[in-house]
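For reference, the structure discussed in these notes is given below.
Every number here is computed from the coordinates shown, using simple stated rules; none is lab data. On a predicted model such as this, the values are computed, not experimentally measured, just so you know. Using ideal geometry, Cβ is built from the backbone for each residue, glycine included, and neighbour counts are taken over all protein chains shown.
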Amino acid sequence: MLGFTGNRRWVYPKHVDGVFQRLHRASGILLQAFLVLTPWITIGGFPAVRIALPERRLYVLGQVFTASEGFTIVLLALTAAFSLFFFTALFGRLWCGFLCPQTVFLEEWVRPIEHLLEGDRVTRQRRDAAGMTFDWAWRRAVKWSAFALLGLFVGMAVLSWFAGPRALWTGQAGPVDYSMVGIIGAGLFLDWAWFREQLCSYLCPYARFQGALVDHDSLIISYDKNRGEPRGKGKASAQAGHCIECNKCVDVCPAGIDIRDGFQLECISCARCIDACETVMPKLGHPSLVRYSTMAADEGGKTHVVRGRTIVYAALLTVLTIGIGYRLWSHNPIELEVNRTPGSLFATDEDGSIRNTFLVHVTNRDMKEAHHYAVMVHGLEGVQVIMPPLELQPMESRTVPLVVRVPGGSVDRTTNFEVEVRSEETSTQAAATFKAPPKDGGAK
């Protein structure tokens with residue numbers, strides 16, 4: 001690893017197969033399919049999921065959220081955060097081991113490419129130790145080229161969630177979009193070619209605070225010292241434990257640690273060491289010495305699923321889920337903003353009426369139908385509303401002038417009122433203030 005001395009100790013994980021690696025592969029295929037295919041799915045001609053930053057819109061399964069609904073987005077972010085806390089408290093770093101994009105790409109693409117071009121652990125070590133030879137150079141060049149192409153592909157897939165896949169993949173997107181693809185691709189190439197496990201150990205914030213989330217009852221990768229120690233080669237000693245020091249659990253570890261040293265923050269719970277031990281111990285008539293367990297179980301105690309932190313996390317998740325459900329249920333397909341025309345307070349007409357002019361911004365967030373909108377004003381006596389007809393197509397926005405007139409002397413200098421915009425199916429309101437001269441005609 002890249003330590004304070006500036007020396008990098010490269011990790012050469014040995015190829016391994018087993019139950020958990022097949023589970024890796026299945027989950028990796030599903031996650032990559034979700035990443036690549038989801039942006040292409042549409043509902044009613046609109047994306048099923050898209051984060052449209054230029055439009056300041058979030059499309060989610062037939063509904064659209066705008067910047068004015070930032071609270072809903074905050075609820076979604078808090079739900080994701082507390083879900084991570086809750087499941088970490090129960091299952092440890094399963095996110096890192098099976099769901100994190102870093103692990104998925106390394107396990108499903110980077111290491112298989114490396115294994116294909118450069119061989120397994122010992123062969124790669126020998127090539128690197130031999131220095132820069134022609135054989136080393138051409139293999140490294142092909143490998144890095146594959147990493148670069150894969151990084152650009154992933155960059156295109158990621159940006160499809162923001163810019164739209166059709167324009168992006170057909171060359172019709174803007175230069176900013178393709179610049180972002182290049183930046184993402186370059187970052188991934190640097191990660192896969194150099195950082196790798198250092199990203200998990202030094203840069204990922206989750207690795208830093210997971211120690212506060214995991215306790216004695218959380219699921220971790222654990223070595224059974226009671227059966228394994230003292231270590232000995234085969235059965236040379238009657239007092240020797242089951243561990244024969246084959247070191248396969250160390251050779252396959254992508255973090256470069258020895259799981260037999262106990263729980264370590266670098267461990268990402270990928271279960272490679274379990275699959276490695278499963279290839280040795282059953283042949284000797286013993287179950288694997290490395291397995292998923294808890295520190296409480298290792299110490300001879302009982303694992304408690306229901307405990308203080310899991311109750312708190314579950315309660316918070318319940319409240320957040322109810323809040324999100326309510327926000328989705330009460331989601332209004334009309335977005336309304338009312339602002340006073342810049343540089344204008346009021347005007348007095350020839351008949352003595354007081355006139356205020358506003359700019360009304362309306363968005364039809366219905367993704368299926370066009371609507372006609374009527375505008376009404378509440379809270380002002382004798383009010384006259386002047387506004388052009390308003391019809392919006394699905395997801396169309398428009399800003400129109402709204403003139404509000406009241407008889408002179410009928411309102412105070414500042415009067416609060418409500419502007420209501422109503423479609424055939426629903427309505428929404430926004431607060432505004434009406435300005436008028438003092439009733440006595442003088443200045444206050």
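If amide H atoms are built 1.01 Å from N in the plane of the peptide, which residues on other chains or at least 5 residues away come under 5 Å of the amide H of R307?
Amide H neighbours of R307, under 5 Å, 5+ apart: none.
Against the longest principal axis of the chain, how steep is helix 70-91, in degrees 0 to 90 to the nearest 10, with axes from Cα atoms?
It is inclined by approximately 20 degrees.
What FRET efficiency, computed as 1/(1 + (r/R0)^6) with R0 = 22 Å and r the Cβ-Cβ distance, is obtained for F263 and E229, rounded to the nearest 0.05? List each step's numbers first, then the result.
Details: r = 16 Å, r/R0 = 0.73.
Calculated transfer efficiency: 0.85.
Taking 8 Å as the Cα distance limit and 6 or more residues as the minimum spacing, I'd like the relative contact order of segment 334-435 as a percentage. Don't jump to the answer; show the numbers that get you there.
Working: 235 pairs, mean separation 32.3, N = 102.
About 32 percent, as a whole number.
Return the sequence-ordered ³J(HN,Hα) values of segment 322-329 in whole Hz as given by the Karplus equation 6.51 cos²θ - 1.76 cosθ + 1.60 applied to θ = phi - 60°, using x for Gly and Pro.
Once θ is set to phi - 60°, the couplings for segment 322-329 become 4, x, 5, x, 5, 4, 5, 5 Hz.
Give me, ordered by chain and number, the residues 5 or more places off F434 or on other chains with an amide H under 5 Å from its own placed amide H.
Answer set, sorted by chain and number: T415, N416, F417.
Charges at C-beta only: +1 for Lys and Arg, -1 for Asp and Glu. How large is the resulting dipole of segment 1-331 about its Cα centre, in Debye rounded to 20?
Values: 34 positive and 26 negative charges, 61 e Å.
Dipole of segment 1-331, to the nearest 20 debye: 300 debye.
Show me the ranking of peptides 56-66, 102-112, 122-132 by mean Cβ neighbours inside 10 Å, starting with the highest.
Ranked from most to least packed, the peptides come out as 102-112, 56-66, 122-132.
Using a Förster distance of 25 Å, how high is the FRET efficiency between F153 and A26, based on the Cβ-Cβ distance and rounded to 0.05? Provide the component values of the computation, followed by the final result.
Working: r = 21 Å, r/R0 = 0.84.
Efficiency at R0 = 25 Å is approximately 0.75.
Using only alpha carbon pairs under 8 Å that are at least six residues apart, calculate the relative contact order of segment 1-331 and give it in whole percent. Don't skip to the answer; put the middle values down first.
Working: 402 pairs, mean separation 78.6, N = 331.
Normalised by residue count, the contact order of segment 1-331 is 24 percent.
Could you state the angle between the C-alpha long axis of helix 134-163 and the longest principal axis of the C-alpha atoms of the chain, as a value from 0 to 90 degrees rounded to the nearest 10?
So the inclination is approximately 30 degrees.
Rounded to the nearest angstrom and ordered from largest down, what semi-axes does the equivalent ellipsoid of segment 1-331 get from its C-alpha gyration tensor (root of 5λ)? Walk me through the intermediate numbers first.
Working: eigenvalues 303, 178, 47 Å².
Computed over segment 1-331, the values are 39, 30, 15 Å.
Taking the 0 to 90 degree range and rounding to the nearest ten, how far is the long axis of helix 175-190 tilted relative to the main principal axis of the chain, both from C-alpha atoms?
20 degrees
So in the chain, which Cys have no other cysteine's beta-carbon sitting under 4.7 angstrom from theirs?
Result for the chain is C96, C100, C200, C204, C243, C246, C253, C267, C270, C277, no neighbouring Cys Cβ within the cutoff.
If you stretched the chain out fully between V19 and T170, how much longer would it get, using 0.36 nm times the residue separation minus the C-alpha to C-alpha distance? Let's see the in-between values first.
Numbers: separation 151, 0.36 × 151 = 54.36 nm, distance 4.02 nm.
The span from V19 to T170 would gain 50.3 nm if fully extended.
Just to check I understand the Karplus step: with θ = phi - 60° and J = 6.51 cos²θ - 1.76 cosθ + 1.60, what whole-Hz values come out for segment 357-368, glycine and proline as x?
Calculated HN-Hα couplings, in order: 10, 10, 10, 9, 9, 10, 10, 8, 8, 6, 8, 10 Hz.
Helix-derived [θ] at 222 nm for the chain: sum -39500 (n - 2.57) over DSSP H runs of at least 4, divide by residue count, nearest 500?
Details: 14 runs with 164 residues, N = 444.
Rounded to the nearest 500, it is -11500 deg cm²/dmol.
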